[in-house]
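**Student:** Quick one: the structure is below, and I'll ask about it shortly.
The values are calculated or read from the model by the stated rules, or taken from the named source; none is laboratory data. For clarity, every value in this text was computed on a predicted model and none was experimentally measured. With ideal geometry, Cβ positions are generated from the backbone for all residues, glycine too; neighbour counts draw on all protein chains shown.
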Amino acid sequence: MISTSHCRLYLITPPRFDAAAFSSVLSAALDAGDVAAVQLRLKDADDDAIRRACDALRPLAQERDVAFILNDRPDLAAELGCDGVHVGQQDTPYRDARKAVGDDRIVGVTCHDSRHLAITAAEAGADYVAFGAFFPTGTKDAPTRADPDILSWWSALMTVPCVAIGGITVANGRVLVEAGADFLAVSAGVWDHPEGPAAAIRAFREILAG
């Protein structure tokens with residue numbers, strides 16, 4: 001699993017991007033500060049587009065010792081040399097995802113605002129659970145709204161890391177760190193930052209340090 005001694009950033013790619021152009025943007029962001037993981041999330045792309053994006057971005061993350069996670073597709077995660085896969089409740093079940101990627105890769109599971117789903121995933125062997133959305137987000141249609149209290153409850157009860165996701169920005173992220181999040185999953189809050197992604201990463205430093 002991704003190491004954590006304090007809350008760290010977990011970047012999620014924009015919903016759509018040109019891989020060649022985005023490569024330089026991602027590189028600058030990763031060089032601006034500590035990032036634990038990058039998740040490639042292309043919900044409407046075909047397999048070849050996912051492969052091309054993965055081939056362009058995965059080396060940029062891995063050469064910086066940043067875990068590269070593929071959303072939804074454990075089959076492609078294993079094929080393309082990703083460090084792991086993230087699955088939602090409507091995607092591949094955890095056990096099938098684990099079988100596809102093996103024991104040495106990361107499998108994270110979306111648990112929305114459900115304590116039951118999170119405990120079930122952790123007991124099954126998930127490497128992390130993701131709670132959210134904590135704030136309004138335009139990146140995806142979030143079916144649930146989570147309260148920061150769920151992070152406090154989880155961190156007091158379990159050792160499996162938890163990821164906070166959904167509308168997180170420099171302006172609102174501190175409350176989630178203080179509540180006990182191990183990772184902040186951020187997309188638009190970095191890529192759409194008014195001063196650019198690298199500036200957003202630098203701005204998150206103080207928040208993540210607590």
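**Student:** Would a scan of the stretch 163-186 turn up a residue that is hydrophobic (A, V, I, L, M, F, W, C), more than 25 Å from ALA28 (Cα to Cα) and in a strand (DSSP E or B)?
**Tutor:** Looking for residues that are hydrophobic (A, V, I, L, M, F, W, C), more than 25 Å from ALA28 (Cα to Cα) and in a strand (DSSP E or B), one finds none in the stretch 163-186, hence no.
**Student:** Something else about it: Of all residues in the stretch 186-199, which are in contact (Cβ under 8 Å) with a residue 24 or more places away in the chain and buried (at least 24 other Cβ atoms within 10 Å of the Cβ)?
**Tutor:** Result: VAL186, VAL190.
**Student:** What is the number of the single condition among (1) part of a helix (DSSP H, G or I); (2) at pLDDT 95 or above that ARG205 does not meet?
**Tutor:** Result: ARG205 fails condition (2) only.
**Student:** Would you check which residues across the stretch 25-56 are crowded, with 16+ Cβ neighbours inside 10 Å and either closer than 27 Å to ARG95 by Cα or of a type in the set (Asp, Glu) (or both) and list them? Write out each step before concluding.
**Tutor:** Applying the first criterion (crowded, with 16+ Cβ neighbours inside 10 Å) to the stretch 25-56 yields 25-27, 29-30, 32-33, 35-42, 50, 53-54, 56.
Once the filter is applied, which keeps residues that are crowded, with 16+ Cβ neighbours inside 10 Å and either closer than 27 Å to ARG95 by Cα or of a type in the set (Asp, Glu) (or both), the stretch 25-56 yields ALA36, ALA37, VAL38, GLN39, LEU40, ARG41, LEU42, ILE50, ALA53, CYS54.
**Student:** Only one of LEU42, LEU26 is touching a helix residue (DSSP H, G or I) at 6+ places or on another chain (Cβ under 6 Å), among the hydrophobic types (A, V, I, L, M, F, W, C) and farther than 26 Å from ARG205 by Cα. Can you tell me which?
**Tutor:** Values: LEU26 fails: farther than 26 Å from ARG205 by Cα.
Just a single option satisfies the conditions, and that option is LEU42.
**Student:** Let me ask something else. Looking at the stretch 62-79, which of the residues that are small (Gly, Ala, Ser) and more than 17 Å from ARG8 (Cα to Cα) is surrounded by the fewest Cβ atoms within 10 Å (Cβ to Cβ)?
**Tutor:** Filtering the stretch 62-79 for residues small (Gly, Ala, Ser) gives 67, 77-78.
Those still in the list that are more than 17 Å from ARG8 (Cα to Cα) too: 77-78.
Working: ALA77: 28, ALA78: 18.
Filtering first and then ranking leaves ALA78.
**Student:** Turning to a different aspect of this structure: Name the single residue, out of those in the stretch 152-185 being under 17 Å from ALA133 (Cβ atoms) and polar (S, T, N, Q), that is surrounded by the most Cβ atoms within 10 Å (Cβ to Cβ).
**Tutor:** The selected residue is THR169.
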